[in-house]
Amino acid sequence: MQKLLDLFLFSLKERNFEQATQTEYCRDLGYFFEYLGSKDPLTVTVDDVRAYQVHLIERKLKVNTVNRQVAAVRMFYQRTLNRGWPHNFVPWLKKKRTLP
């Protein structure tokens, strides 16, 4: 898994992401790999990513945190591994807005 994280970090650096974003995205992808347990990250399907998003929601994480973690996973599979998944295969969570 370390090779996959290193590959992801390289792709983030290649796209000139900020250092803080690189650190957060790599950490978030590591959390996803932990969630997978013994499942090979190279065999992950769209349904696995959707299940992970639901898992994060059930943990009652903030909307921004869930969206950032899912963004890291999406970027890894779509851009780093060049999976042909649809761009919107996992919906973004909407923030709750309060009236003034």
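Looking across segment 39-61, the residues that are part of a loop (DSSP other than H, G, I, E, B), open to solvent by 40 Å² or more (accessible area, probe 1.4 Å) and either under 23 Å from Lys3 (Cβ atoms) or touching a Leu at 6+ places or on another chain (Cβ under 7 Å) (or both) come down to Lys39, Asp40, Thr45.
Would you mention how many residues in segment 42-80 are basic (Lys, Arg) and closer than 26 Å to Phe10 by Cα? Explain how you work it out, then say what you get.
Of the residues in segment 42-80, the ones basic (Lys, Arg) are 50, 59-60, 62, 68, 74, 79.
Imposing the further condition that a residue be closer than 26 Å to Phe10 by Cα reduces the set to 50, 68, 74, 79.
Of the residues in segment 42-80, 4 are basic (Lys, Arg) and closer than 26 Å to Phe10 by Cα.
With the requirement that a residue be out of contact with any helix residue (DSSP H, G or I) (no Cβ under 6 Å at 6 or more places or on another chain) and either surrounded by 11 or more Cβ atoms within 10 Å (Cβ to Cβ) or of a type outside the set (Asp, Glu) (or both), what does segment 17-30 give you? Result: Phe17, Gln19, Ala20, Thr21, Thr23, Glu24, Arg27, Gly30. Figure legend. Inter-residue proximity from segment 2-14: first residues touching a residue at least 12 places away in the same chain (Cβ under 8 Å), second residues of a type outside the set (Val, Ile, Thr) and open to solvent by 50 Å² or more (accessible area, probe 1.4 Å), beta-carbon distance below 7 Å, spacing 6+ or different chains. Indicated pairs: Ser11/Arg79. Set side by side, the residues Asn64, Asn82 differ, and just one is in a helix (DSSP H, G or I), surrounded by fewer than 14 Cβ atoms within 10 Å (Cβ to Cβ) and not aliphatic (A, V, I, L, M), which is Asn64. Of the residues screened, Phe17 is not one that is at pLDDT 90 or above, among the hydrophobic types (A, V, I, L, M, F, W, C) and assigned to a helix (DSSP H, G or I). Scanning segment 27-50 for residues that are touching a residue at least 24 places away in the same chain (Cβ under 8 Å) and not charged (D, E, K, R) turns up Leu29, Gly30, Tyr31, Phe32, Phe33, Pro41, Leu42, Val44, Val46, Val49. Exactly one residue among Phe10, Phe33 is modelled with pLDDT of 90 or more, in a helix (DSSP H, G or I) and open to solvent by 100 Å² or more (accessible area, probe 1.4 Å), and that residue is Phe10.
The values are calculated or read from the model by the stated rules, or taken from the named source; none is laboratory data. All figures in this text were calculated on a predicted structure; none of them were measured in a lab. Counting neighbours? That spans all protein chains shown, and the Cβs are built from the backbone with ideal geometry, glycine included. What goes into the accessible areas is simple: the full protein's heavy atoms, side chains included, and nothing from ligands, DNA or RNA. Shrake-Rupley method; radii C 1.70, N 1.55, O 1.52, S 1.80 Å.
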